[in-house]
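The values are calculated or read from the model by the stated rules, or taken from the named source; none is laboratory data. Remember, it's a predicted structure, so these values are computed and weren't measured experimentally. Every residue, glycine among them, receives a Cβ derived from its backbone with ideal geometry; neighbour counts consider all protein chains shown.
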Amino acid sequence: MSRVTARRPTVRITQAGEIRRPDTLAVEEPLEIRLDGQSLTVTMRTPGSDIDLVHGFLLSENIIATAEDIVSARYCAGTDENGQNTYNVLDVQLRTAAPVRPRAFLTTGACGLCGKTALDEVRARTRYPIPAAGLTVEAAALAAMPGTLRAEQAVFDATGGLHAAGLFTADGAVLAVREDIGRHNAVDKVLGWALRENRVPAHDLVLIVSGRASFELAQKAVQAGIPLLGAVSAPSSLAVDLAADSNLSLVGFLRGETMNIYTGAHRITR
């Protein structure tokens with residue numbers, strides 16, 4: 001098995017009786033991110049595209065603006081009980097020291113921030129404001145994007161346990177898809193790809209996510225200058241507020257030929 005999936009024994013109950021067999025699961029492991037040797041945060045993620053994840057995370061947290069802000073990103077030494085490198089610690093050397101430490105990283109619905117405080121914080125930190133004009137997407141092209149994203153989810157096919165995020169052009173061409181146990185990590189991975197490909201600010205791209213659109217995912221889209229975020233499931237109220245405040249088009253329940261446009265309907269043409 002790869003580091004992305006693992007096998008575990010299961011007992012499956014069916015009408016025909018019990019079936020004992022191994023099941024394929026998505027791997028979840030910690031990744032410690034260090035800046036210039038100092039621990040910054042630990043995120044639980046599915047191994048793979050870690051360099052993209054770190055670039056996207058640091059972009060989302062306003063620590064870097066371009067890929068050139070990072071001199072190097074290297075795995076630190078660390079072994080498991082079998083003496084194998086865990087590849088679970090990445091040390092990032094910045095070209096210049098981060099001027100301030102970013103906000104607390106363990107953010108939950110009980111973090112104590114009110115909606116206005118959260119919106120003001122994102123507004124103050126955004127390097128790439130989303131232009132009012134520019135990108136437009138035909139509704140039919142937008143409706144087809146989740147199906148394209150789903151077709152690229154190879155690990156989900158094997159495990160049923162991963163989120164996905166994808167970056168698309170306005171005409172529906174897929175540029176990058178990443179999977180992860182955490183939806184925020186999947187988004188960071190595609191944003192990291194875009195940063196390393198010099199596609200940030202991503203004013204001409206569409207971000208599609210396989211689940212719901214939380215405030216955190218909307219915030220990441222805004223930080224990268226992405227003008228349209230589409231989600232297969234529902235957005236949160238604060239995600240809609242942030243989208244309206246930041247000129248982000250937010251589309252939810254993007255399934256088949258139907259969708260709910262919560263903000264920025266002028267970008268979706270029929």
What number of residues in region 251-270 are among the basic types (Lys, Arg) and either assigned to a loop (DSSP other than H, G, I, E, B) or modelled with pLDDT under 95 (or both)? 2
I need the full set of residues from region 164-188 which are in contact (Cβ under 8 Å) with a residue 24 or more places away in the chain and more than 9 Å from the chain's Cα centre (by Cα), in order please. Leu167, Phe168, Thr169, Ala170, Asp171, Gly172, Val174, Leu175, Val177, Ile181
Output the residues belonging to region 35-73 that are among the charged types (D, E, K, R), surrounded by fewer than 19 Cβ atoms within 10 Å (Cβ to Cβ) and touching a strand residue (DSSP E or B) at 6+ places or on another chain (Cβ under 8 Å). Asp36, Asp69
Scan region 85-101 residue by residue and report those that are at pLDDT 90 or above and in contact with a Gly (Cβ under 9 Å, 6 or more places away or on another chain). Asn88, Val89, Asp91, Gln93
Just wondering, is there one or more residues in region 210-225 that are farther than 27 Å from Ala65 by Cα and not small (Gly, Ala, Ser)? no
Residue list for region 106-155, filter: surrounded by fewer than 16 Cβ atoms within 10 Å (Cβ to Cβ), of a type in the set (A, V, I, L, M, F, W, C) and at pLDDT below 85: Leu106, Ala110, Cys111, Cys114, Ala124, Ala154
Specify the residue that is nearest to Thr46 (Cα to Cα); the eligible residues are those in region 142-153 that are in a helix (DSSP H, G or I), touching a residue at least 12 places away in the same chain (Cβ under 8 Å) and of a type outside the set (D, E, K, R). Leu149
So, of the residues in region 4-34 that are among the hydroxyl-bearing types (Ser, Thr, Tyr) and surrounded by 10 or more Cβ atoms within 10 Å (Cβ to Cβ), which turns out to be nearest to Leu94 (Cα to Cα)? Thr5
Turns out the strands (runs of 3 or more DSSP E) fully within region 4-50 with at least 3 residues that are within 25 Å of Ala194 (Cα to Cα) and modelled with pLDDT of 90 or more are 29-35, 38-45
Residues in region 250-259: is at least one closer than 11 Å to Ile130 by Cβ and touching a Pro at 6+ places or on another chain (Cβ under 8 Å)? no
Take region 1-39 and flag every residue that is in contact (Cβ under 8 Å) with a residue 60 or more places away in the chain and out of contact with any Ser or Thr (no Cβ under 9 Å at 6 or more places or on another chain). Leu35, Asp36
